[in-house]
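Here's the structure, in structure tokens; my notes come after.
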Amino acid sequence: MSFIDLAKNRYSCRAFSAQPVETEKLNAVLEAGRVSPTAKNQQPVKVYAIQTPAGLAKIREATRMTYGAPVVLMVCYDESLCFNTQDVYKENFTSGVMDASIVATSMMMEATDLGLNTLWARGFNANDIARAMGIPANMKVACLLDVGYADAEQGGPSPRHPSRKSMEEFSEKL
């Protein structure tokens, strides 16, 4: 499948089946994240693969944004490793959220290519999630990436999925 077809076919799954994600597929998804670009290749991102019953119970207690997925990837970044433009450009930009989003997108697209479904989620209090999962203070939660197989009855794309701006609305040539 071409990348553009892959991008068009990927959707936010909000109902997952109980079917487990195969280890080799999860490893391939994590590898796609590991090799993703980050600002100045500083690689501040760490992904916690939540898949044990105890881990899933903790994350589900902290947020509803897991939708029954058998694997939840908690995509975090280490603030101390992020690229910061303050010294160079005299503006306060830190790359953590952007780096984590690039990693999450790469993993999301690899999962789709492998026949898995995903949901990129950020509808939660990140501090509550970090506390619930016991991650170190220097690690910041950027997003969750739910991974699994869509529930056959309820796991399809939203009716809004195919709706996109026209190219003229989306892009402007200067």
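See the values below:
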read-out: Tabulated pairs, the range 24-52, first within 18 Å of Tyr149 (Cβ to Cβ), second open to solvent by 80 Å² or more (accessible area, probe 1.4 Å) and modelled with pLDDT of 95 or more, C-beta under 8 angstrom, 6+ apart or interchain; value: Leu26/Gln51; Ile50/Lys58
read-out: Residue within the range 84-94 that is touching a helix residue (DSSP H, G or I) at 6+ places or on another chain (Cβ under 9 Å), more than 23 Å from Ser17 (Cβ to Cβ) and among the basic types (Lys, Arg) present; value: no
read-out: Residue tally, condition part of a helix (DSSP H, G or I), under 17 Å from Thr52 (Cα atoms) and open to solvent by less than 90 Å² (accessible area, probe 1.4 Å), over the range 1-33; value: 4
read-out: Residue pairs meeting the criteria (Cβ under 8 Å; at least 6 apart or on separate chains; first hydroxyl-bearing (Ser, Thr, Tyr), in the range 64-84; second assigned to a helix (DSSP H, G or I) and crowded, with 20+ Cβ neighbours inside 10 Å); value: Thr66/Ile59; Tyr77/Gly96; Tyr77/Asp99; Tyr77/Ala100
read-out: In the range 34-55, residue modelled with the highest pLDDT [restricted to those that are part of a helix (DSSP H, G or I) and of a type in the set (A, V, I, L, M)]; value: Ala54
read-out: Single residue of Thr112, Thr118 found to be among the hydroxyl-bearing types (Ser, Thr, Tyr), open to solvent by less than 20 Å² (accessible area, probe 1.4 Å), outside any loop (DSSP other than H, G, I, E, B) and touching a residue at least 60 places away in the same chain (Cβ under 8 Å); value: Thr118
read-out: Whichever residue in the range 61-75 is open to solvent by 20 Å² or more (accessible area, probe 1.4 Å) and part of a loop (DSSP other than H, G, I, E, B) and, among such residues, is nearest to Glu22 (Cα to Cα); value: Pro70
read-out: Residue in the range 81-101 that is at pLDDT 95 or above and part of a strand (DSSP E or B) present; value: no
read-out: Any chance Lys58 is assigned to a helix (DSSP H, G or I), open to solvent by 80 Å² or more (accessible area, probe 1.4 Å) and at pLDDT 95 or above; value: yes
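The values are calculated or read from the model by the stated rules, or taken from the named source; none is laboratory data. The shown structure was predicted, so the numbers you read here are calculated from the model rather than taken from an experiment. Using ideal geometry, Cβ is built from the backbone for each residue, glycine included, and neighbour counts are taken over all protein chains shown. These accessible areas exclude ligands, DNA and RNA; they are computed on the full protein's heavy atoms, side chains included. Shrake-Rupley method; radii C 1.70, N 1.55, O 1.52, S 1.80 Å.
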